Every structure is written in structure tokens, then in C-alpha cells.
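All of the numbers you see were taken from the coordinates with simple rules; none came from a lab. All of these numbers come straight from a predicted model, not from anything done at the bench. Cβ sites come from the backbone with ideal geometry, for glycine too, and all protein chains shown count toward neighbours.
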Amino acid sequence: MSARRRRPARILAAALALTAAVAGCAEIRGTGDLGIVVERAAGSVLIIDTTKRARLARVADLGDLSHASAVYSRDGRYAFVFGRDGGLTKVDLLKGRVTKRVAQAGNSIGGAISQDGKLVAVSNYKPGGVRVFDSRTLEMVADIPAVTGSDGALSKVIGLVDAPGRRFVFSLYDAGEIWVADFSAPGPPRIRKFEDVGLQPYDGLITPDGRHYIAGQFGDDGLALLDMWDLDSGVRRILDGYGRGEEPLPVYKMPHLEGWAMAGGLAFIPAIGRHEVLVVDAETWTEVGRIAVHGQPVFVMGRPDGRQVWVNFALPHNDTVQVIDVPTRRIVKTLKPGTAVLHMEFTPRGEEVWVSVRDADRVEVYDTATFATVGMVAADKPSGIFFTARAHRTGL
């Protein structure tokens with residue numbers, strides 16, 4: 001046999017040997033039931049298996065995770081973790097290690113991944129603006145400074161989300177503006193700016209269908225709504241003055257709009273400085289009710305089937321979680337997981353919810369039908385919980 005004919009045989013033999021070696025030392029598995037739990041004080045994340053309710057690995061040295069969040073690659077294999085110190089870290093869930101990390105800014109507040117999974121964007125406080133990276137290499141492909149005036153001042157950027165059409169939408173806290181960055185064509189992004197949308201937008205979200213971007217206002221009672229199907233219509237003010245005539249309470253922790261509840265044609269929104277959840281008609285964007293709750297809501301999250309809304313709270317009520325039944329709009333369960341409940345995450349079909357209890361160093365797992373505790377995972381000061389199902393959802 002000639003050397004040329006022997007070469008493919010040697011290559012095939014080497015490939016089979018490598019496959020056998022890999023099969024012998026590592027489990028072959030998918031990523032659909034994986035996720036991460038942020039250990040905020042330690043600067044690490046736990047890779048967890050939601051089916052086994054167990055931790056698989058700890059990945060350390062991710063920097064300041066005091067306000068960390070994460071998005072996922074389209075295949076659910078890689079988590080992109082956004083740290084408060086400006087770090088952007090790509091974590092391989094299957095190998096349990098960091099693939100690459102870049103210190104892209106001095107202070108950042110979250111990020112998003114594009115509709116096609118090719119771009120990762122980070123919103124920054126310092127310097128103010130958005131930086132966009134190739135999701136494969138983490139090489140920067142665009143820098144969008146949030147310049148707000150002729151003096152060149154930069155605004156903090158918040159509420160960054162992905163939108164259909166390979167676009168990112170975000171709000172400028174200091175300037176009261178909403179910008180849309182369109183990456184659908186080659187070359188630099190096209191930026192469209194909407195000014196005077198309200199005082200101090202503190203967070204933003206996009207509805208699950210990708211149509212409406214909504215920014216909450218810290219400086220006044222109300223929200224700003226942008227129809228992504230009709231940008232020419234501009235920004236519309238909704239729930240204007242929902243707290244008019246009432247004395248607001250001190251705000252100990254800002255509500256989070258991302259992950260809010262859309263259920264039964266209604267939106268359930270945390271009210272700033274009030275012990276209330278606002279109920280809004282998602283067709284007309286008008287208020288149709290309020291639900292009195294245990295404290296100031298932080299996260300108001302809908303179970304995937306839309307039947308329940310789970311709410312956690314700011315200090316001094318952050319040991320409590322309440323469950324709202326959507327058809328009756330009544331609280332049907334009050335749970336006391338422990339001090340400092342920081343985040344909640346439903347399994348993809350909603351049969352369980354994972355609740356981080358920072359001061360107890362654990363994550364509690366509840367059955368959403370019976371409210372019974374069905375599992376627990378030890379974690380060092382856990383905060384954010386992010387499952388790979390987010391890879392296939394707009395705005396998460």
C-alpha cells in the first residue's frame with residue numbers, strides 16, 4: 001500500500017482513538033438543563049444541573065460579580081458573564097472553565113447577545129456607552145460612546161437588550177434618552193436616538209415578542225414605551241403619574257424590569273417606592289389594577305405558563321417571596337426562604353423555581369404547584385441565577 005493510501009487510514013485510526021479517549025473520561029451530554037449561579041462575593045459561578053438539582057463545577061476568578069448577569073450562546077454551551085468591574089467573561093459550561101476574559105470598561109451594568117448570536121454587547125457606566133464584541137473571539141467590533149451634549153459628556157447606560165433585526169436597544173440614565181443600534185448591515189451600526197423620554201431611566205426591558213421596549217423612570221412616576229415595529233411613531237409615555245398624590249417610600253433597591261411578568265394579556269410591573277405590583281393591559285398599556293404586596297418589589301417574574309407571578313422584595317422585607325395567582329390577581333402563597341432573597345429563575349417549563357438566598361449561602365428549589373421545597377444547592381453568597389433556556393428568548 002502506498003504512503004498516500006495509508007495516510008487516510010492513519011487519520012481515521014487517530015480520530016477513533018481520540019473519540020474513545022474522550023468518551024472514556026467525559027460524559028456526553030447536552031446543555032438544555034444547565035445554568036449558572038453567581039457567587040457574588042467570591043467572584044465565581046457555579047455550573048448547575050437543573051434535572052439533578054446539583055452543582056457540576058465552580059469557575060473562579062471572574063472579577064467583581066456584585067451586580068453580575070449573563071446571556072448564552074445559541075447552542076447553550078457558553079455563558080457570557082458581565083461583571084460590575086467591566087469584565088466580560090466567556091465560560092464553557094461543558095468544560096467548566098473560562099474560554100476568554102476581557103476587561104472592556106471600568107464599570108458595567110449588564111449586556112445582551114444579538115438575535116443571530118454573533119454579537120455580545122455590554123452597557124457601561126464608566127465610560128458611559130456600549131461596546132460590542134464578536135461572540136466567538138471577544139474581539140471588539142464597535143464602540144458606541146453615550147455622548148449627551150456638545151461638551152462631550154458621557155451618560156451611564158442601562159436597560160440594554162437585544163431586539164429582532166440584529167439590533168440593540170438601551171437607555172441613557174443621565175440624558176433621559178433611548179437609543180437603537182442597528183447592526184443588520186455591514187459596517188458601523190446605524191444609531192437612532194430618542195430624546196426627552198423621561199427623568200433618569202433606571203432599567204429597561206423588551207417584551208417577549210420583541211416588539212415593545214419599555215424604560216422605567218426613577219425621576220418621576222411613569223414609563224417610556226418604544227414600538228420597535230414603528231420607530232417613526234416615537235416614544236410614548238405610559239402609566240404617567242401612577243403615584244400621583246401618594247408619598248413614595250425610600251427606595252432601598254431599584255426594581256428590575258428585565259424578567260418582568262407577561263401573563264394572560266397583562267403585564268405585572270414593580271412600582272418604585274411602593275408596596276404594590278401594577279397590573280397593565282398589554283394591548284392598551286393602561287393600568288387596570290394594583291396588587292398590594294409584602295414590600296417594595298424587586299423582581300416580578302411570571303411562570304412560563306403565565307399562571308403565576310413570583311415576587312421578591314427589597315430591604316427590610318427581603319426574606320420573603322410572594323406568589324400571585326394571575327386569574328384572581330390574589331396572593332396565594334407567602335414563603336420565607338431566608339434573609340436576602342436576591343433572584344429567582346424558573347426551569348424552562350416552569351415546574352420548579354430556583355431562589356437564591358444570599359445570607360444562608362444556598363439556593364432553594366421549590367415545586368411551583370405545591371410550593372414544597374424539593375432541593376437545595378449550597379453556594380457562597382449566591383445572587384443571579386441564569387439557565388440556558390435564556391439562549392432562545394428575546395431580551396434575556
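Quick one: if you stick a label point 7 Å off each Cα along the C-beta vector at M254 and L231, how many nm between them?
2.4
Let me know the charge dipole size of the stretch 254-336 about its Cα centre in debye, to the nearest 20, where only the beta-carbon of Lys, Arg (+1) and Asp, Glu (-1) is charged.
Taking the Cα centre of the stretch 254-336 as origin, the dipole is about 300 debye.
For R166, what is the net charge nearby, where nearby means another residue's Cβ is under 12 Å from its Cβ and Lys, Arg count +1, Asp, Glu -1?
So the environment of R166 carries a net charge of 0.
Got a sec? Charge dipole of the chain, +1 on Cβ for Lys and Arg, -1 for Asp and Glu; which of A105, M228, L205 is way out at the positive end?
Going by the charge dipole, the pick is A105.
Given bins 5 angstrom wide, list per bin the percent of all Cα-Cα distances in the stretch 271-312, short to long.
Per 5 Å bin, starting at zero, the Cα-Cα P(r) for the stretch 271-312 comes out as 6, 21, 27, 29, 16, 2 percent.
What is the gain in length, in nm to one decimal, between K193 and V147 on full extension, counting 0.36 nm per residue of separation less the C-alpha to C-alpha distance?
Between K193 and V147, full extension yields 15.4 nm more.
Compare the Cα positions of H317, F299, G265 along the charge dipole of the stretch 254-336 (+1 at Cβ of Lys, Arg; -1 at Cβ of Asp, Glu; about the Cα centre) and return the one farthest towards the positive end.
It is H317.
Under a GNM of the chain (C-alpha, springs under 10 Å), which listed residue has the highest mean-square fluctuation: K52, K118, K126?
Its mean-square fluctuation being the largest, the pick is K52.
For the pairs K95/K336; K52/K381; K118/K156; K126/K193; K156/K381, note any where the Cα-Cα span goes beyond 29 Å.
Going by Cα-Cα distance, K95/K336 fall outside the 29 Å limit.
Hey, if you put +1 on the Cβ of every Lys and Arg and -1 on every Asp and Glu Cβ in the chain, which of T328, I36, L154 ends up farthest toward the positive end of that dipole?
My answer, from the dipole projection, is I36.
Based on other C-beta atoms within 10 Å, arrange M140, M344 from fewest to most.
Ranking M140, M344 by Cβ neighbours within 10 Å, fewest first, gives M140, M344.
Using all C-alpha to C-alpha distances in the stretch 104-251, build P(r) with 5 Å bins and read off the rounded percent in each one.
2, 10, 20, 23, 20, 14, 7, 3, 1, 1, 0
Taking the Cα-to-Cβ direction at A282 and at L56 and moving 7 Å from each Cα, how far apart do the two end points lie in nm?
Going by the 7 Å Cα→Cβ label model, 3.1 nm.
What is the magnitude of the charge dipole of the chain about its Cα centre, with +1 placed on the Cβ of each Lys and Arg, -1 on the Cβ of each Asp and Glu, and no other charges, expressed in debye to the nearest 20?
The calculated dipole for the chain is roughly 2220 debye.
Over the Cα atoms of the stretch 254-336, Rg to Rh with Kirkwood Rh, two decimal places?
Rounded to two decimals, Rg over Rh is 0.93.
When the Cα centres of the stretch 339-396 and the stretch 65-98 are compared, how far apart do they sit, in Å?
Spelled out, the Cα-based centre of one part sits 17 Å from the other.
Quote the charge dipole size of the stretch 104-251 about the Cα centre in Debye, to the nearest 20; the model charges only the Cβ of Lys and Arg (+1) and of Asp and Glu (-1).
Its charge dipole is roughly 480 debye.
Taking 8 Å as the Cα distance limit and 6 or more residues as the minimum spacing, I'd like the relative contact order of the stretch 104-251 as a percentage.
Answer for the stretch 104-251 is 13 percent.
Would you please state the base-10 log of I(q)/I(0) at q = 0.09, 0.10, 0.13 1/Å for the stretch 41-196, with intensities from the Debye formula using one equal scatterer on every alpha carbon?
Result of the Debye calculation: -0.29, -0.36, -0.59.
Over all Cα pairs of the chain, how is the pair count split among 20 Å bins, expressed in % and running from 0 up to the last occupied bin?
Spelled out bin by bin, the chain gives 27, 57, 13, 3, 0 percent.
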